[in-house]
Amino acid sequence: SHVPGEGGETPAPPSGEAGEYEPQGVTWTLGEKAYDNTSGNNAQTGTVNGVSVANMLKLGTGSLTGDAVLHVAEGTAKLGFYCVAWKNNTASVRFSVDGTEITTITPAANVGAAGNPPYASITVTESDYFEVVLPAGAADIKVETLDPANGRVIFIGLKAIAE
């Protein structure tokens with residue numbers, strides 16, 4: 001028999017508080033096919049886990065890869081962030097410093113990452129959260145999608161983490 005409140009329940013996604021999904025200690029320079037809150041009619045805003053987010057970073061389009069350069073302060077040891085791929089798609093995102101690859105991540109498809117911004121209902125869970133360890137002294141980190149057919153990703157809540 002099943003006793004209510006014991007096991008079998010799906011854990012709730014992180015609830016999020018105002019400002020939690022905004023960039024913290026990270027700025028960026030937009031590259032090819034990259035968009036953020038400065039992108040006019042294509043300003044990257046929306047609702048994440050019920051919280052209004054004023055600045056997300058989107059890379060890529062339906063048929064083109066995208067890239068940007070993230071800027072962090074000296075002493076930043078890691079980047080923490082949520083990242084989702086476009087609805088019904090997968091994506092690969094490479095992180096590199098001075099031309100040397102640090103890592104590649106594969107964010108999962110997200111049904112809320114669809115259509116045009118503002119995105120009405122992106123839901124992120126712990127499985128959408130990534131941390132990338134940076135080499136000592138890294139200040140500029142290039143991020144780029146790798147597959148033109150699946151090149152769209154959205155970064156949410158980029159945060160510089162010092163150790």
| task | Kindly provide the set of residues from the stretch 110-159 that are loosely packed, with under 13 Cβ neighbours inside 10 Å, more than 15 Å from Lys87 (Cα to Cα) and of a type in the set (Gly, Ala, Ser), ordered by number. | result | Ser127, Ala136, Gly137
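Per-residue answers, yes or no, for (1) closer than 29 Å to Glu74 by Cα; (2) within 15 Å of the chain's Cα centre (by Cα):
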residue: Ile105; (1), (2): yes, yes
residue: Asn110; (1), (2): no, yes
residue: Ala114; (1), (2): no, yes
residue: Glu126; (1), (2): yes, yes
residue: Pro135; (1), (2): yes, no
residue: Gly151; (1), (2): no, yes
residue: Ile156; (1), (2): yes, yes
residue: Ile161; (1), (2): yes, no
| request: Return the pairs, sorted by first residue and then second, in which the second residue is assigned to a loop (DSSP other than H, G, I, E, B), the first residue lies in the stretch 129-140 and is over 12 Å from Ile102 (Cβ atoms), the beta carbons are less than 7 Å apart, and the residues are 6+ apart or on different chains. | output: Ala139/Glu74
| task | Go through the stretch 27-61 and give me each residue that's more than 22 Å from Ile161 (Cα to Cα), open to solvent by 40 Å² or more (accessible area, probe 1.4 Å) and not polar (S, T, N, Q). | result | Glu32, Lys33, Tyr35, Gly40, Gly50
| Among the residues of the stretch 83-109 satisfying the criterion of being touching a helix residue (DSSP H, G or I) at 6+ places or on another chain (Cβ under 9 Å) and touching a residue at least 60 places away in the same chain (Cβ under 8 Å), which is surrounded by the fewest Cβ atoms within 10 Å (Cβ to Cβ)? | Thr90
| query | In the stretch 65-85, what residues are hydrophobic (A, V, I, L, M, F, W, C) and modelled with pLDDT under 95? | reply | Ala73
| request: Restricting attention to the stretch 52-110, report how many residues are of a type in the set (Ser, Thr, Tyr) and not in a strand (DSSP E or B). | output: 6
| message | Given the options Glu17, Glu32, name the one that is over 15 Å from the mean Cα position of the chain (by Cα), modelled with pLDDT of 95 or more, over 12 Å from Ile156 (Cβ atoms) and not in a strand (DSSP E or B). | response | Glu32
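The values are calculated or read from the model by the stated rules, or taken from the named source; none is laboratory data. Quick caveat, the model's predicted, so the values are computed rather than measured. All Cβ positions, glycine included, derive from the backbone under ideal geometry; neighbour counts span all protein chains shown. Areas reflect the complete protein model, heavy atoms only, side chains present, ligands, DNA and RNA absent. Shrake-Rupley method; radii C 1.70, N 1.55, O 1.52, S 1.80 Å.
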